[in-house]
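Student: My structure is below; once you've seen it, I'll send some questions.
The values are calculated or read from the model by the stated rules, or taken from the named source; none is laboratory data. These numbers were taken from a predicted model, which means no experiment stands behind them. All Cβ positions, even for glycine, are placed from backbone atoms using ideal geometry, and neighbour counts span all protein chains on display.
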Amino acid sequence: MKLIMIFKYINSFRSYHSLLSISKTCSMNQDKCYFRYIKNLEMVNITFLFHVKDNVRQFNLSRKPSESLEILCNRIATNVQKACNKKSKKKKHDIEQEIEVNIYDNRNNPISKNCSCAELFSYQHPILKISEKRYDILLNAPWIINFKLPKTILMGFPVYPENFETHFMERRLSVFNWYRGRAYNEKGNEVSDMHIQWEFIINSFYYTPTKEDIGLKLKLECIPVNTNSIGPAVEFVTKSTVEAGPGPCPFESRHAFTANKLKDKSFRCVSYNILADLYCDSEFAHTVLHPYCPPYALHIDYRKQLILKELKGYNADIICLQEVDSKVFNGSLKTFLECDGLEGLFYKKAKSVAEGLACFYRRERFKLIGDDNIFLATALKNETCLKSIWSAIKDNEPLLERVLDRSTVGSATFLQSTENPNEILLVGNTHLYFHPDADHIRLLQGGIIIYWIRELQKKLIKQHPGKRVSLILCGDFNSVPSCGIYQLYTTGVAPSTLPDWVSNKNEAITGLNLTQDTILDSACGTPEYTNFTQGFADCIDYIFYEKNNLKVEQVIPMPSTEELKTHVALPSIVFPSDHIAIISDLQFR
C-alpha cells in the first residue's frame with residue numbers, strides 16, 4: 001500500500017504542525033520527539049511534549065531543512081525557556097535554570113551542530129536531550145494532521161473520522177479505538193472531557209452507535225502506524241452526545257434487495273443526486289425551496305450520516321453521484337467509502353462552483369485504466385466531434401450567451417472488470433442545466449455528452465484490441481422521459497422537429513438533427529418520481545446502458561408515493577436529498 005500523503009496547505013505553517021494535539025496521557029508519546037521532513041514544502045516539523053511545572057506542554061516547530069542543528073537547538077531552548085519562565089512568574093517562583101539542548105547519535109556521541117536538519121534524517125535512532133529530559137527522535141513517523149467527528153451523532157448511523165489527513169501512515173495497520181462515557185454526573189452537572197470515565201467499545205475505523213450509547217459522548221483514539229514505526233496517538237471527543245435518530249428510513253427497506261454483493265458477470269450500479277450543501281445552506285433554501293424540512297435535517301452534518309449509511313447498504317460496484325460538495329467528497333465520502341472497498345474520483349464543476357460529480361468503483365471488481373472529463377461550454381467550441389453542433393448554433397447570439405455561461409461538466413471513468421478482463425466499462429456521469437425553459441439547452445448538452453462519450457469509446461476500442469467496451473451513462477438530466485434526451489439516447493435520433501428546440505422562443509434552435517449510433521436503454525425504466533419536492537416531482541434521473549452488451553438483472557424498487565409524502569416532500573428527516581437513488585443490477589451479455 002502506498003504511503004498516504006494528504007496535505008492541505010491553509011495559508012500558514014500551522015496546519016502542518018498539528019491541528020490535533022497528540023495525547024498527553026499516552027506514555028508512548030512523552031518520551032519521543034517527532035521530526036518530519038515535508039519535502040514538497042521544504043519544511044522540517046518538530047513536535048515533542050515537555051513538562052512545565054505540573055503541566056505537560058506540546059511544542060511545535062517548523063524549520064528550514066538547510067538550517068543547522070545549532071540554530072535548531074537554540075530555538076528549542078528559547079521556546080522551552082520562555083514557557084518555563086512564564087509559568088514560574090505566574091506562580092511567583094524563581095526563574096528556571098537555563099535550558100540546554102543537544103542532539104546525539106545512537107551511541108550518545110554529540111552530532112555536529114553544523115549538521116543541517118535535513119542531514120539528521122540520515123542518522124539511525126538519534127537522541128534529543130532538553131536539560132535532563134531524554135527523547136528518542138523518530139524520523140518521519142506516521143502522523144495524523146487532522147480529523148474530527150461529526151457534530152450530529154445518530155444511533156444506527158456510522159460515525160467515522162472526517163477530514164482525515166495524515167503523513168506517512170498506512171490506515172490498514174493503524175489503530176482506531178472507540179470509547180463512550182457519560183457527559184453528565186448523577187447530579188446532572190456536565191463533566192469535562194478529561195474527567196469522563198471512558199469505556200472501551202471497539203477497534204474499528206468507524207463505529208455505528210447503538211441504543212446503549214444514547215446520551216453518551218464518544219471518543220476516538222487514533223494511533224498511526226506504518227511498516228517502519230508507530231506515530232503519536234491523538235484523540236477527539238464528540239462535542240455532543242449520541243441522539244436517538246429519525247427511526248427507520250425508507251432506504252433501509254431498499255437495502256433488503258441489495259444485501260448481497262454481486263460477482264462474476266453481474267455488477268450493481270447506483271446513480272444519485274445527493275443535494276449539495278451549498279444549495280441548502282441559505283435562508284432561501286429554508287424558507288422557499290424546502291420550508292417543510294426542519295433546519296437541522298437540512299444541515300449537511302445530519303444529511304451526511306443518512307447518505308453514507310444509505311450508500312453503504314446498497315453494496316454497489318459503481319456509484320455515480322451528482323451535486324457533490326468538494327469538501328464532502330474529500331472529508332467524508334472518500335474517507336468512509338474507501339474503508340468499504342470503494343475508490344472515488346471527483347470532477348468539479350467549472351468556474352467557481354464548489355460542487356461536482358463523483359464516481360466510485362469497487363476496487364476488488366474493477367481496475368481503473370483511465371478517466372476523462374469535459375467542460376461542455378469550452379468543448380462545444382473546440383472538440384472536433386462537436387463541430388456539427390457548433391456550426392448549427394454559433395450564430396445564435398442569445399442562445400450562445402446562455403449556453404456558454406453554464407458550468408456543466410461531464411465525466412468518464414474507464415473500468416476494466418477484474419473477473420472478466422475482456423470487459424471494459426466506460427462510465428459516464430453528468431448533471432445537466434435545470435431551468436424550466438431550457439429543454440433546448442439540455443438537449444444540446446445531452447448531445448454534447450453522448451457525442452463526446454462515443455468518441456472516447458472509439459478510442460478505447462482502438463487502445464484495447466480484443467476487449468469489449470460497453471457504455472453506461474448516469475446522471476441527473478433534469479429531463480423527463482417525454483423530452484428529447486430520452487429519445488436521442490434510446491432511439492438514436494433527436495430530429496429538428498422536436499418541441500424541445502423551441503422551449504425558449506428567443507433562443508430557438510432550428511435545423512439541428514442529433515443522431516448517435518449506440519442504442520441505449522434506461523436500466524431503471526421511467527419511474528414516476530426520481531425527484532420529489534413541493535414545487536416539482538417527476539422522473540429526471542437515469543442509468544442509461546448499452547443494450548447490445550449489457551442486460552438488466554434487477555431494478556431496486558423505488559419508495560412508495562406514501563413514503564415520499566410522509567413528511568410533505570424531499571428532503572426530510574428520513575430522506576437526505578430531494579432526489580431518490582436509482583439502482584440497477586446489470587450483467588455482461
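Student: Among what's in segment 389-438 and is in a helix (DSSP H, G or I) and without any contact (Cβ under 8 Å) to a residue 40 or more places away in the chain, pick the residue that is surrounded by the most Cβ atoms within 10 Å (Cβ to Cβ). Talk me through it step by step, then tell me what you get.
Tutor: Start the filter on segment 389-438 by keeping residues that are in a helix (DSSP H, G or I), which leaves 389-393, 397-403.
Retained after the next criterion (residues that are without any contact (Cβ under 8 Å) to a residue 40 or more places away in the chain): 390-391, 397, 400-401.
On the way: TRP390: 15, SER391: 10, GLU397: 10, LEU400: 17, GLU401: 10.
By that ranking, first place goes to LEU400.
Student: While we're here: Report every pair of residues separated by at least 6 positions or lying on different chains whose Cβ atoms are under 9 Å apart, first residue within segment 479-502 and on the phi > 0 side of the Ramachandran plot and modelled with pLDDT of 95 or more, second surrounded by fewer than 21 Cβ atoms within 10 Å (Cβ to Cβ) and of a type outside the set (Gly, Ala, Ser).
Tutor: Matching pairs, first to second residue: GLY492/THR515; GLY492/GLN516; GLY492/ASP517; GLY492/THR518; GLY492/ILE519.
Student: Does any residue of segment 575-587 turn out to be in contact with a strand residue (DSSP E or B) (Cβ under 9 Å, 6 or more places away or on another chain), closer than 18 Å to PHE267 by Cα and surrounded by fewer than 21 Cβ atoms within 10 Å (Cβ to Cβ)? Working first, answer last.
Tutor: Taking segment 575-587 and keeping what is in contact with a strand residue (DSSP E or B) (Cβ under 9 Å, 6 or more places away or on another chain), we get 575, 577-587.
Subset that is closer than 18 Å to PHE267 by Cα: 581-587.
Now narrow it down to the ones that are surrounded by fewer than 21 Cβ atoms within 10 Å (Cβ to Cβ): 585, 587.
Yes: segment 575-587 contains one or more residues that are in contact with a strand residue (DSSP E or B) (Cβ under 9 Å, 6 or more places away or on another chain), closer than 18 Å to PHE267 by Cα and surrounded by fewer than 21 Cβ atoms within 10 Å (Cβ to Cβ).
Student: Another one. Sort through PHE536, PHE532 and tell me the only one that's assigned by TED's automatic domain parsing to the domain that holds ALA438 and either among the polar types (S, T, N, Q) or touching a strand residue (DSSP E or B) at 6+ places or on another chain (Cβ under 9 Å) (or both). Before the answer, list the steps.
Tutor: Details: PHE536 fails: either among the polar types (S, T, N, Q) or touching a strand residue (DSSP E or B) at 6+ places or on another chain (Cβ under 9 Å) (or both).
Answer to the selection: PHE532.
Student: Suppose we filter segment 494-518 for residues that are surrounded by fewer than 21 Cβ atoms within 10 Å (Cβ to Cβ) and not basic (Lys, Arg); how many remain?
Tutor: Residues of segment 494-518 that are surrounded by fewer than 21 Cβ atoms within 10 Å (Cβ to Cβ), as a first pass: 495-497, 499, 502, 504-506, 508, 510-513, 515-518.
So of that shortlist, the ones also not basic (Lys, Arg) come out as 495-497, 499, 502, 504, 506, 508, 510-513, 515-518.
So the count comes out to 16.
Student: Also, quick follow-up: For segment 266-296, name all the residues that are part of a helix (DSSP H, G or I), free of Cβ contacts under 8 Å to residues at least 24 places away in the same chain and either closer than 28 Å to TYR361 by Cβ or of a type outside the set (Gly, Ala, Ser) (or both). Quick ask: steps written out before the conclusion?
Tutor: Filtering segment 266-296 down to residues part of a helix (DSSP H, G or I) leaves 277-279, 283-289, 295-296.
Okay, now just the ones that are also free of Cβ contacts under 8 Å to residues at least 24 places away in the same chain, so 283-288, 295.
Passing the criteria: GLU283, PHE284, HIS286, THR287, VAL288, PRO295.
Yes or no, residue by residue, for (1) over 22 Å from ASP476 (Cα atoms); (2) of a type in the set (S, T, N, Q); (3) at pLDDT 95 or above:
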residue: PHE284; (1), (2), (3): yes, no, no
residue: TYR292; (1), (2), (3): yes, no, yes
residue: LEU298; (1), (2), (3): no, no, yes
residue: LYS304; (1), (2), (3): no, no, yes
residue: LYS309; (1), (2), (3): no, no, yes
residue: TYR314; (1), (2), (3): no, no, yes
residue: ILE319; (1), (2), (3): no, no, yes
residue: ASP325; (1), (2), (3): no, no, yes
residue: VAL328; (1), (2), (3): no, no, yes
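Student: To continue, here is another question. Could we say that PRO224 is closer than 23 Å to GLY313 by Cα and surrounded by 14 or more Cβ atoms within 10 Å (Cβ to Cβ) here?
Tutor: Here the answer is no, as PRO224 does not meet what is asked.
Student: (1) surrounded by 17 or more Cβ atoms within 10 Å (Cβ to Cβ); (2) part of a loop (DSSP other than H, G, I, E, B): which one isn't true of ILE449, the others all being true?
Tutor: Condition not satisfied by ILE449: (2).
Student: Which is among the polar types (S, T, N, Q) and under 30 Å from LYS458 (Cα atoms), of ASN504, ASN549?
Tutor: Numbers: ASN504 fails: under 30 Å from LYS458 (Cα atoms).
Answer to the selection: ASN549.
Student: Here is a check on your reading of the model: is SER577 in a strand (DSSP E or B) and either touching a Lys or Arg at 6+ places or on another chain (Cβ under 9 Å) or more than 18 Å from ILE274 (Cα to Cα) (or both)? Spell out how you get there, then give the answer.
Tutor: On the way: in a strand (DSSP E or B): no; either touching a Lys or Arg at 6+ places or on another chain (Cβ under 9 Å) or more than 18 Å from ILE274 (Cα to Cα) (or both): yes.
Against the criterion (in a strand (DSSP E or B) and either touching a Lys or Arg at 6+ places or on another chain (Cβ under 9 Å) or more than 18 Å from ILE274 (Cα to Cα) (or both)), SER577 does not qualify.
Student: Can you pull out the residues in segment 530-547 that are farther than 24 Å from ARG589 by Cα, out of contact with any helix residue (DSSP H, G or I) (no Cβ under 9 Å at 6 or more places or on another chain) and of a type in the set (A, V, I, L, M, F, W, C)?
Tutor: Across segment 530-547, the qualifying residues are PHE536, CYS539, ILE540.
Student: Let me ask something else about it. For HIS51, state whether it is assigned to a loop (DSSP other than H, G, I, E, B) and either at pLDDT 95 or above or not assigned by TED's automatic domain parsing to the domain that holds PRO232 (or both). Outline the logic, then answer.
Tutor: Values: assigned to a loop (DSSP other than H, G, I, E, B): no; either at pLDDT 95 or above or not assigned by TED's automatic domain parsing to the domain that holds PRO232 (or both): yes.
Answer is no for this residue.
Student: Quick one: in segment 8-20, of everything that is in a loop (DSSP other than H, G, I, E, B) and surrounded by 14 or more Cβ atoms within 10 Å (Cβ to Cβ), which residue is modelled with the highest pLDDT? Before the answer, list the steps.
Tutor: So the first thing to find is which residues in segment 8-20 are in a loop (DSSP other than H, G, I, E, B), and the list is 8-13, 18-20.
Narrowing further to those that are surrounded by 14 or more Cβ atoms within 10 Å (Cβ to Cβ): 13, 18-20.
Numbers: PHE13: 33, SER18: 46, LEU19: 58, LEU20: 82.
Checked segment 8-20; the qualifying residue modelled with the highest pLDDT is LEU20.
One line per residue, one yes/no per condition, for (1) among the hydroxyl-bearing types (Ser, Thr, Tyr); (2) in a strand (DSSP E or B); (3) in contact with a helix residue (DSSP H, G or I) (Cβ under 8 Å, 6 or more places away or on another chain):
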{"position": "THR47", "(1), (2), (3)": "yes, yes, yes"}
{"position": "THR78", "(1), (2), (3)": "yes, no, no"}
{"position": "GLN81", "(1), (2), (3)": "no, no, no"}
{"position": "SER112", "(1), (2), (3)": "yes, no, yes"}
